[in-house]
Amino acid sequence: MIKEVEKILTLQDRDITINSRLNYLNDKVLSPKKLQMANELLARYGVPDFEKILLEDEAKKAKLQEGLNQIGALIKQTRLQRHLSEEELAALLGVENTVVFKLENNDTSVSMETILKVFHVLEAELSFIVTLKQ
Amino acid sequence: MRLERYPLEANDDLMSFQFVSEGPKGQIIKYVQFLKTDKPNFYNLAFGDKRLNEDDFDDDVITDNKDSQKVLATVAMAVLRFTEINKEASIIAQGLTKSRNRLYQMGISQNLEELKEYFKIIGFYKGNWMIYEKNTPYDAFAVKRK
C-alpha cells in the first residue's frame, strides 16, 4: 500500500508527502457529529446510486431537448405556413437572420418570453397539453 | 488541480491529511480525514483545525484565515488523492450548519470544472440525491470517481 501510494504521489503531485507520524490520526475521529449525521442521512435516505442518478439526469435532459426540438420545428412550420423566409421573420422580430436559424434548430437557449413573442409575430396561438405521469 | 493550494502531508494510507494555513491569524494546522461510514465504500469527509497545545481536534471549527479558496482547493486535492487509492470509494460531506454547507458548496463550485473531470458529483436536496448544479442549496454532497 505504501509503495503504491508513494508511486502515485511521485508521478503526479509533488505537493503531497507521506508522513508516517500522522498515522495516529486514524485513531481519532474528527467531527464525530458529522460522521453521525452522514450515517443518519445514508440510513434514512439510502445510499445514492451514482449511475442511476446520472442516467436519470441524462434522460431528463434528453426529454427537455426533445421538447425544444418540437418547439423549433413548430416555429419553422408556422413560418412556412405564413410564407415567410427566415430573413423576413428575423426582420419582423427585429433580430439577426442567424437568430431565427438558431431558434428553429434549437441551437440556443431560449426563454418562454421569446417563444411566445415569435408565435405572436407569426399570428399564431401556442397551446400546451399537460399529461400527468402515473 | 490548477487552483493554488497548500502542500499536504498524508499518513501511510491517505486516510488522514494535514496542512498549514497561513494568513492574518498566523499559521493554523488543519486536518482532513476520511472516515468509514456504516455503508461499505462510503466515507465521510471531515476537516478542521488542530487544537492549540493539544493533540486533538476542534470539532468542525475552521478559523477564517482569509484563505478559504486555497483551503478548499487543498481539501479537494486530498479527496482526489484519497480516491486515487480507493477507486470505489464514495465521499460524503456535509456541514454542521447551513453556513458551513455554503462553504463546502463554494469549494465545489469554485473547482467544479476540474472536479467534473475526475468525479461524478451529486447533491442532497429536499430528500433526494441529484446531479450537482450551482446555486441549489444542498444539505450534503457526495463524489465518486468516474
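So here's what we get for this one:
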| quantity | calculated |
| --- | --- |
| Every residue from the stretch A:16-66 that is charged (D, E, K, R) and in contact with a strand residue (DSSP E or B) (Cβ under 6 Å, 6 or more places away or on another chain) | A:K34, A:D57 |
| In the stretch B:58-97, the residues that are part of a helix (DSSP H, G or I) and more than 23 Å from B:F42 (Cβ to Cβ) | B:S68, B:Q69, B:K70, B:V71, B:A73 |
| Top-ranked residue in the stretch A:1-51 [being assigned to a loop (DSSP other than H, G, I, E, B) and at pLDDT below 85; ranked as nearest to the chain's Cα centre (by Cα)] | A:D13 |
| Test for B:Y138: is it farther than 25 Å from B:V20 by Cβ and crowded, with 16+ Cβ neighbours inside 10 Å | yes |
| Filter result for the condition that a residue is within 8 Å of chain A (Cβ to nearest Cβ) and either surrounded by fewer than 14 Cβ atoms within 10 Å (Cβ to Cβ) or out of contact with any Cys (no Cβ under 9 Å at 6 or more places or on another chain) (or both), over B:P7, B:P24 | B:P7 |
| Matching residues in the stretch A:90-134 - criterion: being exposed (fewer than 10 other Cβ atoms within 10 Å of the Cβ) and modelled with pLDDT of 90 or more | A:G94, A:E123 |
| Selection from the stretch B:84-112 of residues that are over 21 Å from B:A10 (Cβ atoms), within 14 Å of another protein chain (Cβ to nearest Cβ) and charged (D, E, K, R) | B:K98, B:R100 |
| Residue pairs meeting the criteria (Cβ under 8 Å; at least 6 apart or on separate chains; first closer than 15 Å to B:K50 by Cα, in the stretch A:16-36; second assigned to a helix (DSSP H, G or I)) | A:V29/A:L35 |
| Among residues of the stretch B:124-144, those that are under 15 Å from the mean Cα position of the chain (by Cα) and within 10 Å of another protein chain (Cβ to nearest Cβ), counted | 5 |
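For (1) assigned to a strand (DSSP E or B); (2) facing chain A (nearest Cβ under 10 Å), each residue gets a yes or a no:
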site	(1), (2)
B:I28	yes, no
B:Y31	yes, yes
B:L35	yes, yes
B:K39	no, yes
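The values are calculated or read from the model by the stated rules, or taken from the named source; none is laboratory data. These numbers come from a predicted model, not from an experiment. As a convention, Cβ positions derive from the backbone with ideal geometry for all residues, glycine included, and neighbour counts pool all protein chains shown.
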